[in-house]
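Here is the structure we will look at.
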Amino acid sequence: MRNAVIISQTDNVAVAVEPVSAGALLTWITPDQTEHSVTAVTDIPIYHKFAVRDIAKGEKIVKYGEHIGEAGADIRAGEHVHIHNVVSVREKLV
Amino acid sequence: MTFSGYRRPDGRVGVRNHVLVLPASVCASDVTDKIARRVEGAVSFHNQVGCSQVPADEVWTMDVLSGYAANPNVYGTVVVSLGCENCQMDRVVAAIREKTNKPLRQVIIQEVGGTLKAEALGVQYAEELAQEAAQQEREEFPLSELILGTECGGSDPTSGLAANPLIGEICDRLVDADATAILSETTEFIGAEHILARRAINKEVRDRILFIIQRYEESLARVGELVRNGNPSPGNIAGGITTLEEKSLGCIHKGGHRDIQAVYDYARPVDKKGLVIMDTPGNDPSSIAGMVAGGAQVIIFSSGRGTPTGHPLVPVIKITGNRETWLKMRDNTDFDASPVIYGPQSLAEITDDLFGILMETVNGKKTRAEELGFVETAIARVSNYA
């Protein structure tokens, strides 16, 4: 059952569209119409983000195909991604 | 693909055929309201400004008033002024004439001698124009004649997740058909300026994007509002928004993915094809006013909570990604975008559906706000009255 949404193909986070408990399956469909799943390793509140793959500390968090911040810690696939493990970085104007 | 619209003598194409009874100032608004109520096909609205304004505000007011008269959904205009306001009749008429050669009539309340005489003359003029307008028939035009305005308000987490990305898909389709889409609400660009700047077609447009964002941030800072410090708000964070970049991206996604061709000041005429930006406030009625004055014939508006917003001249198609809102706010909402979240249709299929609603609306089907007769609008302001 689809219970998460990812916006862009290149995103490394998706959004839960119902509350999901640790141990339950998170499922989403990427824009290329393929279904993906990962087991939630923490509770994910409704409309909150989780990592769709492992993200190393310092790596960019990507949503809408764009950088929304940097990982402040190593983040596991299926882990809640929010202010506790994301650092807001004001990017340079290129 | 084509749509059916009304050819105007200035070369533009409308999707509605209104007679506008235009109040030059707050002091003429009750009279224009009375006139419009008595004439089928006539519309008006309450202009709350038009006098005692600082120069920057007066520029915006004049641009909205003249832009409304020039909007292609208007067949012709009856301007009503009190007589002593700052937005004097001759100035309003000159500003309209700079933009369009459509039919125009004038009523000055202090000259004709009071409300009742002004109302009678205004009704006579509006009826003459409405009879002419009724003779005109729709013709087929290419999509490239369309200017779509985009707006979001009453947002919730589904806005950035479903409704705004869906509107972005519509913008992409229109831009690919050589039409124009307007991305508005400068307040919501703050934090995503580097992303918008990257999409500018050239350095001039890039610099202009950065300029309007900085100007907006500074104008808010002058009255003690620091956007970067207060955002995302505690409510946003509780709702799952982590950074200002993320919040702003959810908003700007409603413009789609194409390059940005131009940046327009508030309520200035939009003359470029493709995706363009207009510098408007986040406040919905005044942002929509700027785009309509710029020439947009139709608006698509995304709302999480559901809003009543309409416009006297332009159909406002309201969509929501929140399925509870779709059920609760049906009489205010035109399209259910929640399948973007829950399926079963693909984004491309839902885009087809919304594009179909857009075409039906452009071809004459009334939106919910039009059925309800909603005409409220607002003109953006920078300052208190002088």
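A short reminder: the numbers here are calculations on the coordinates, not readings from a lab. None of these values were measured; they are calculated from a predicted model. Ideal geometry is used to build each Cβ from the backbone, glycine not excepted, and the neighbour counts take in all protein chains shown.
With both partners inside the protein assembly as shown, how many of the DSSP beta bridges are antiparallel, as a percent to the nearest 5?
If I count the DSSP bridges inside the protein assembly as shown, around 40 percent turn out antiparallel.
For the range B:102-130 versus the range B:168-226, the inter-centroid distance based on Cα atoms is 41 Å.
Here the range B:136-274 is treated with +1 on each Lys and Arg Cβ and -1 on each Asp and Glu Cβ, and its dipole about the Cα centre works out to around 460 debye. Near B:E139: Cβ cut-off under 15 Å, other residues only, Lys/Arg at +1 and Asp/Glu at -1. The net charge is +2. Oblate is the label for the range B:175-267. Its Cα gyration tensor axes, ordered a ≥ b ≥ c, give a/c of at least 1.5 and b/c at or above a/b. The value obtained for the range B:221-375, namely the Cα convex hull volume divided by the number of residues, is 148 Å³ per residue.
From least to most packed, judged by other beta carbons within 10 angstrom and beginning with the fewest, B:C251, B:C51, B:C84, B:C152 follow the order B:C84, B:C51, B:C251, B:C152.
In chain B, the calculated helix contribution to ellipticity at 222 nm averages -12000 deg cm²/dmol per residue, counting -39,500 (n - 2.57) for every DSSP H run with n ≥ 4. Look at the Cα gyration tensor of the range B:18-135: its axes a ≥ b ≥ c give a/c of at least 1.5 with a/b at or below b/c, and that counts as oblate.
Spatially, the range A:24-94 and the range B:327-375 are offset by 31 Å when compared through their Cα centroids.
Once you sort the root eigenvalues of the Cα gyration tensor of the range A:4-87 as a ≥ b ≥ c, which label holds: rounded (a/c under 1.5), prolate (a/b larger than b/c) or oblate (the other case)? In terms of gyration-tensor shape, oblate.
When each of B:V382, A:V17 is scored by the number of other beta-carbon atoms lying within 10 Å, the sequence from fewest to most is B:V382, A:V17.
Looking at chain B, the pairs of alpha carbons with a distance over 31 Å make up 34% of the total.
Amide H contacts under 5 Å for B:G76: B:L20, restricted to partners 5 or more places along the chain or on a different chain, H placed in the peptide plane at 1.01 Å from N. Over chain B, what is the relative contact order in whole percent, taking alpha-carbon pairs under 8 Å and six or more residues apart? Answer for chain B is 21 percent. Normalising the average separation of contacting C-alpha pairs (under 8 angstrom, six or more residues apart) by the number of residues puts the relative contact order of the range B:18-135 at 34 percent.
Could you give the size of the charge dipole of the protein assembly as shown about its Cα centre, using +1 on the Cβ of each K and R and -1 on the Cβ of each D and E, expressed in debye and rounded to the nearest 20?
Values: 47 positive and 63 negative charges, 80 e Å.
The calculated dipole for the protein assembly as shown is roughly 380 debye.
The residue among B:T367, B:H194, B:G290 whose Cα reaches farthest toward the positive pole of the charge dipole of the range B:142-371, with charges on the beta-carbon of Lys, Arg, Asp and Glu, is B:H194. Between the helical axis of B:347-362 and the longest alpha-carbon principal axis of chain B there is an angle of about 0 degrees. Taking the convex hull of the alpha carbon positions in the protein assembly as shown and averaging its projected area over all directions gives 21.9 nm². Residues whose amide H comes within less than 5 Å of that of B:A262, counting only those at least five positions distant or on another chain, are B:I277 (H built at 1.01 Å from N in the peptide plane). Projected onto the charge dipole of the range B:191-297 (+1 at Lys/Arg Cβ, -1 at Asp/Glu Cβ, origin at the Cα centre), which of B:A262, B:I213, B:P234 gives the Cα projection farthest towards the positive end? It is B:A262, whose Cα lies furthest towards the positive end.
Applying 1/(1 + (r/R0)^6) with R0 = 51 Å to the Cβ-Cβ distance of B:L143 and A:A22 gives a FRET efficiency near 0.55. Taking all Cα pairs closer than 8 Å and separated by 6 or more residues, the relative contact order of chain A comes to 27 percent.
Where nothing but the Cβ of Lys and Arg (+1) and of Asp and Glu (-1) is charged, how large is the charge dipole of the range B:207-288 around its Cα centre, in debye to the nearest 20?
Around 180 debye, computed over the range B:207-288.
In chain B, taking the dipole from charged Cβ atoms about the Cα centre, the farthest positive-side position among B:I170, B:I341, B:C152 is held by B:C152. Per-residue Karplus couplings for the range B:264-273, computed as 6.51 cos²θ - 1.76 cosθ + 1.60 with θ equal to phi - 60°, are listed in order as 10, 5, 3, 6, 7, x, 8, 10, 10, 7 Hz, Gly and Pro entered as x.
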